[in-house]
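Okay, structure first, notes after.
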Amino acid sequence: MEWSALVQYVLTGITQGAIYALLAVGFNLVYSATGIINFAQGEFVMLGGMLAVTCYSFLHLPLWLSAILPIGVVMLVGAGIHQLAIRPLRHAHLVTLIMATVGLSVALRGLAKVLWGADSYPLPAFSNVDPVALAGASVDPQSLWVMGVAAVTGTALTLFFRYSLTGRAMTACAARPLAACLAGIRVERMNMWAFALAGGVGAIAGAVLAPIALPSFDVGTSLALKGFCAAILGGIGNNAGALLGGLLVGLLESLGAGYISSGYKDAIAFLVLLIVLVLRPQGLLNVTMRRDES
Amino acid sequence: MSRGWGLVLFAVAALAFGLLVRGPYYLNIAVFICIHGLVALGLGLLMGGAGQISLGHAGFYGLGAYASAILTTRWGVNPWLAMGLGALATGLVAALVGMPTLRLRGHYLAMGTLGLGAIIQIVFNQADQITEGPSGITAIPYLSIAGLPLSTDHRFFFLVWPLLLGAMLLGGNLLDSRLGRALRALGENEGAAAAAGVDVPRAKLAVFVLSAVFASVAGSLYAHYLTYVSPSPFGFAFSIQLLVMVILGGEKSLWGPLVGAGVLTVLHQVLAGAAHQFPFFDGLETVAYGVILVLFLIFRPQGLAAPLRKPVSTSPPGPFPGAEREPVPQASSPAAEIAALPSDGSEPAAPGVKP
């Protein structure tokens, strides 16, 4: 076994894992607030990447602005989805709501295909420097961006939920919607914020991933499935778990592709998902099942 | 009563169509409506009956198709036997995934089936020693009845619609049976159903396995009809299409999934035709599926086909159209009905009595 190869696989795994962790955080945001598994989360990432490319290549905006602008746009998309499709269904069964997000994800994917066609578009790396050598392997600077952005986003969200009034109100809604409502918190508005934030986190992931994996209209599904595996693995609703789950899925996938079979690489995450569902459905970090939906 | 007449009407219409229409184009669409209808019927039983969603039904459909393809081309197994073996294997796979996930409350089945469906398609693509990989398996033999190979659209149509009719009869009887009542009860309120003595995980598992078997048989039919299978039709996209079919038609009625399958299959044909001339129609088709799904959930949750029999419980008029979908459990809900009714005509059911 080559030492440098192992380091390379681990680095790739951590980079990919950071993206999955961001997706898992997006799933958690919506799930904690509403109990909904938001199947459009992957499309948020796809939109983030596609919009960044559009801003840069077609509108000729500076790269930093092209990466930041989509965040606001996709936050609006998230909020709009909540207002147009989720809010009217707020008295419906949870299954109905989950299916509505499936519908929205399909519609967004189709819309992206109409707007951008079936091509993938490149985005230049954020820093124009040479790969860094580390223990015989080379670290792509964009990988460092991915890890850094994921860490900053995770920290920012943690601080937001702990210290800001809106964040604390959202936490209250997630814990006990009725009690929060009685305390004067506008639950529907907080739910809208949850969707908007999920959109924002998705767009961040999409923009930072774009230089590594070229975005095209259909990248959302597989990313969402992997991010979802990460969320379940860590324990859905648990953000520390999302990080752990994301890194585990990323590492298993990368090591599996390196040492077992690259063709079955994508199956590894799903196999892990099935095993976790059988052995520990509450996830690695959650002690008990948080929600008891029927 | 009304269901019986509906089935007779369906049989007459299908018979007339089969006798009058000769064009292979229309017969081909009709065959696909029946095949899709069979999968959607099974999914509808799961969704309407047990209130669970499967996001991997395309995988079960694919398992049936590949089981038939592999068994008949590699080992020369009789096509009918291959269809049965495929259904058996698919049922086992479904049971393996369903058993742990259906014991939990919530939507773990959706996640489990999602993962399973993804794995199944990856295996179809990668295990090229057995499945020939992305290029697929060709020269699958036709099904034959008494030495007559079902090699034309016309002959095949006369196989699929009676099969679909039989499946609908089976589904209808299932809904009327003790299991059906148990399912309707747990679909409304699991706790109440469990308290009334319904073995909730077992009832859910039964209908899930049945719906997987329906999908598998439909997959076998697909394989023997086209005589060619490749991995691409059995992915996540088709699982979503199936979901749209069921929601569009209405999951609470037996006819709903068939109506949905009909509309979507025709829509697909029309849009695919348009996509030849205008490439962006390809994306519009996907948009249409998503928008139809959301609009129907919001504005017509009961689907196109109104339920043939009125639900046992009536919900008070809610402030939102979506509220009609899930009737508020009342004293007259099936769960309470089960608790109140004698279990097999003699003694009153006590809590804890297995269905």
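Bear in mind these aren't lab numbers, they're just calculated from the coordinates by the rules spelled out. Owing to the predicted nature of the structure, the values given are computational and were not obtained by experimental measurement. For neighbour counting, all protein chains shown are included, and Cβ atoms are generated from backbone atoms with ideal geometry for every residue, glycine included.
Selection among B:Val207, B:Ala40, B:Ala127 by position relative to the dipole of the stretch B:2-339 gives B:Val207 as farthest towards the positive end (Cβ unit charges, Cα centre). Across all Cα atoms of the stretch A:58-216, the radius of gyration (one decimal) and Dmax (whole number) stand at 18.9, 59 Å. Computed about its Cα centre, the charge dipole of the protein assembly as shown is approximately 1240 debye, with only Lys, Arg, Asp and Glu carrying charge at their Cβ.
Remark: mean inter-chain Cβ contacts per residue of A:114-120 equal 3, using a 10 Å Cβ-Cβ cutoff to other protein chain atoms.
Compared with the dominant Cα axis of chain A, that is its longest principal axis, helix A:41-53 is turned about 50°. Taking Cα centre as origin and charging only the Cβ of basic (Lys, Arg, +1) and acidic (Asp, Glu, -1) residues, the dipole magnitude of the stretch A:120-264 rounds to 680 debye. Shielding value for A:32-38 is 1, the average number of Cβ atoms from other chains within 10 Å of each residue's Cβ.
Sorting the segments B:178-186, A:54-62 by their mean number of nearby beta carbons within 10 angstrom, highest to lowest, gives B:178-186, A:54-62. As a rough footprinting exposure proxy, the listed residues A:Thr158, A:Thr153 were ranked by other beta carbons within 10 Å of their own, and the order from fewest upward is A:Thr158, A:Thr153. Rg over Rh for the protein assembly as shown works out to 0.98, both radii taken from alpha-carbon positions and Rh defined as the Kirkwood radius.
When the Cα positions of A:Pro281, B:Phe234, B:Trp5 are compared along the charge dipole of the protein assembly as shown, B:Trp5 comes out farthest toward the positive end, with charges on each C-beta of Lys, Arg, Asp and Glu. Over the stretch A:3-279, the hull volume per residue, using the convex hull of the C-alpha atoms, is 132 Å³. Could you tell me what % of all Cα pairs in the stretch A:140-294 have separations over 20 Å? In whole percent, the share of Cα-Cα pairs in the stretch A:140-294 beyond 20 Å is 58. Of the chymotrypsin sites (Phe, Trp or Tyr not before Pro) found in the stretch A:194-252, none is in coil by DSSP with at most 12 other Cβ atoms within 10 Å of its Cβ. Once Rg and the Kirkwood radius are both taken over the C-alpha atoms of the stretch B:2-339, their ratio Rg/Rh works out to 0.97. Taking amide H as placed 1.01 Å from N in the peptide plane, B:Val21 has no amide H partner under 5 Å among residues 5 or more places away or on another chain.
By other beta-carbon atoms within 10 Å, ranking B:Met111, B:Met83 with the fewest at the front produces B:Met83, B:Met111. This model, with +1 at the C-beta of Lys and Arg and -1 at the C-beta of Asp and Glu, gives the stretch B:2-339 a dipole about its Cα centre of some 580 debye.
Cβ crowding within 10 Å ranks B:Ile29, B:Ile140, B:Ile247 as B:Ile29, B:Ile140, B:Ile247, fewest other Cβ atoms first.
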